[in-house]
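The next block holds one structure in the form of structure tokens; read it before the comments.
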Amino acid sequence: MPPYEAVLLDVDGTLVDSNDAHAEAWVVAFRDHGFEVPFEKVRERIGKGGDKVLSELADLNEADPQAKAVQEARSRLFLQEYAPKLKAFPKVRELVLRLKEAGLKVVVASSAQEKELENLLKIAGVDDLIEAQTSSDDAENSKPDPDIVLAAVEQTGKPASKVVMLGDTPYDVQAAAKAGVDVIAVRAGGWNDEDLKGAVAVYDDVADLLAHYEDSPLGAATQSATSR
């Protein structure tokens, strides 16, 4: 396994316990615009871009005025009603500090809209530690397409083979694979090991990864970096 020089961070479900909140905001926004969509159907798609959620669950094209109305309502609900109650997973800041101390470049690669992402990074307590970030606003196609990951890799200034992504959904794994980037996955977002098949390692959450850092793929990368 090549030593890594940069880490891409997903945020929702990885750094912040927000996947259920996103799903609930979608359900309410759909309902308010005449679409009855079960929570479970939305929840299993959290991690994909909003364009794909709209298409798959309401057969709406993102350019459709009704799609835009649902998306705007969802974003407003999320920011006003749900985001203030969200919490970061334990040890998020400690992990990011560990990565930076190891000399790894840290870039965010999220499907969230930029205004939501800024809020989430503050909740995670790492907004002052991130060197660069990409959101849904920076990619034509959302996860599981690779556009966001490719944009984030470009921000690192490193080749994809020297980059690893930390994510929580099958869509992170799929998007990263298409971009030629390895993935370390966490179960915190609600998926199991079979769902996350293709990741180079799987941990319960960020705290579990940090507790096993030296034996993780990140630890191997750190040892290589410090020996140079």
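The values are calculated or read from the model by the stated rules, or taken from the named source; none is laboratory data. All of these numbers come straight from a predicted model, not from anything done at the bench. Here the Cβ positions follow ideal geometry from the backbone for every residue, glycine too, while neighbour counts run over all protein chains shown.
Can you work out which of the residues in segment 30-56 that are surrounded by fewer than 18 Cβ atoms within 10 Å (Cβ to Cβ) and touching a residue at least 24 places away in the same chain (Cβ under 8 Å) is nearest to Asn119 (Cα to Cα)?
Among residues in segment 30-56 that are surrounded by fewer than 18 Cβ atoms within 10 Å (Cβ to Cβ) and touching a residue at least 24 places away in the same chain (Cβ under 8 Å), the one nearest to Asn119 (Cα to Cα) is Arg43.
Can you confirm whether Val53 is among the β-branched types (Val, Ile, Thr), in a loop (DSSP other than H, G, I, E, B) and modelled with pLDDT of 95 or more?
Spelling it out, it is not the case that Val53 is among the β-branched types (Val, Ile, Thr), in a loop (DSSP other than H, G, I, E, B) and modelled with pLDDT of 95 or more.
Criterion first (closer than 27 Å to Ala152 by Cα and either of a type in the set (Lys, Arg) or modelled with pLDDT of 95 or more (or both)) does Asp17 satisfy it?
Judged against the criteria, Asp17 is a match.
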